[in-house]
Amino acid sequence: FYAPLTSTNASYEWTVPQDQDGAVVPYYCSVGNHCVAGNQFGALLVNVGAVHFVSTNGFNFEPAEITVAPGDVVIWIHDGGSHTVTSGAGCVADGRFDSILDNFNPMPFYRVPTDEASGSISYYCTPHCGMAMTGVINVDGGVDCPADLNGDGAVDVNDILEAVGGFGTTYSVDDILIVLDAFGQPC
């Protein structure tokens with residue numbers, strides 16, 4: 001999308017396409033240097049799990065280690081310097097993700113696949129890997145959570161809608177009661 005915002009056109013409405021479920025849609029202000037100097041950038045998170053932020057501090061990622069669930073999004077925040085966020089260990093990329101993290105790409109992200117198994121995803125900054133600028137994303141696949149019908153790691157209104165929508169074919173009264181009993185709980 002592209003929409004000039006002015007005093008006479010002060011808002012913009014965008015309808016998320018149906019095929020964007022689970023997407024992270026970055027956006028920025030394209031006027032002059034507003035994105036870089038004015039930090040006028042952001043991201044629309046479309047039905048994703050939790051969001052986790054990691055920032056740079058000199059030659060460190062902070063926090064250096066985080067725990068996420070499948071479907072969660074990790075967003076790195078640029079706080080100076082020219083870096084990368086490159087998946088892999090021992091300064092060797094594994095191809096999972098590789099993004100520049102600098103003034104021109106101040107907020108790269110990674111969405112953990114919803115079918116990701118429990119384990120660890122190591123990453124590093126390519127130019128500063130020898131200086132131990134590394135991090136770890138621990139993926140906690142959690143336990144079997146029958147109330148989380150859509151598998152997003154939380155029992156919320158979307159699970160209730162899923163249960164009601166499939167009532168009589170896929171789900172029973174007992175399934176709806178399980179969702180209601182666990183409503184608001186993480187899995």
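The values are calculated or read from the model by the stated rules, or taken from the named source; none is laboratory data. Quantities reported herein were computed from a predicted structural model and do not represent experimental measurements. Because the Cβ atoms are built from the backbone with ideal geometry, glycine has one as well, and the counts that use them run over all protein chains shown. When the accessible area is computed, the model is the full protein with side chains, heavy atoms only, and any ligands, DNA or RNA have been set aside. Shrake-Rupley method; radii C 1.70, N 1.55, O 1.52, S 1.80 Å.
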Problem set entry | Single residue of Asn158, Asn138, Asn150 found to be of a type outside the set (A, V, I, L, M) and assigned to a helix (DSSP H, G or I) | Asn158
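May I ask you to say which residue of Val85, Val112 is at pLDDT 95 or above and touching a Pro at 6+ places or on another chain (Cβ under 7 Å)?
Among Val85, Val112, only Val85 is at pLDDT 95 or above and touching a Pro at 6+ places or on another chain (Cβ under 7 Å).
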For this session: Output yes when any residue across the range 162-174 is open to solvent by 40 Å² or more (accessible area, probe 1.4 Å), modelled with pLDDT of 85 or more and within 22 Å of Ser55 (Cα to Cα), and no when none is.
Result: no
Exercise. Out of (1) in a loop (DSSP other than H, G, I, E, B); (2) open to solvent by less than 80 Å² (accessible area, probe 1.4 Å); (3) at pLDDT 70 or above, the odd one out for Glu13 is which?
Worked result: (2)
Problem set entry | Of all residues making up the range 108-135, the number that are in a loop (DSSP other than H, G, I, E, B) and either surrounded by fewer than 15 Cβ atoms within 10 Å (Cβ to Cβ) or basic (Lys, Arg) (or both) | 5
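Restricting attention to the range 55-72, which residues are buried (at least 20 other Cβ atoms within 10 Å of the Cβ) and under 16 Å from the mean Cα position of the chain (by Cα)? Talk me through it step by step, then tell me what you get.
Within the range 55-72, the first condition is being buried (at least 20 other Cβ atoms within 10 Å of the Cβ), and the residues that meet it are 56, 61, 68-72.
Residues satisfying the conditions are Val68, Ala69, Pro70, Gly71, Asp72.
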For this session: Can you give me the ranges of the strands (runs of 3 or more DSSP E) entirely in the range 49-107 with at least 1 residues that are over 30 Å from Asp159 (Cβ atoms)?
Result: 51-57, 60-62, 73-77, 83-89, 92-101
For this session: Could you list all residues from the range 175-187 that are open to solvent by 70 Å² or more (accessible area, probe 1.4 Å), out of contact with any Gly (no Cβ under 9 Å at 6 or more places or on another chain) and either within 16 Å of Gly71 (Cβ to Cβ) or part of a loop (DSSP other than H, G, I, E, B) (or both)?
Result: Phe183, Gln185
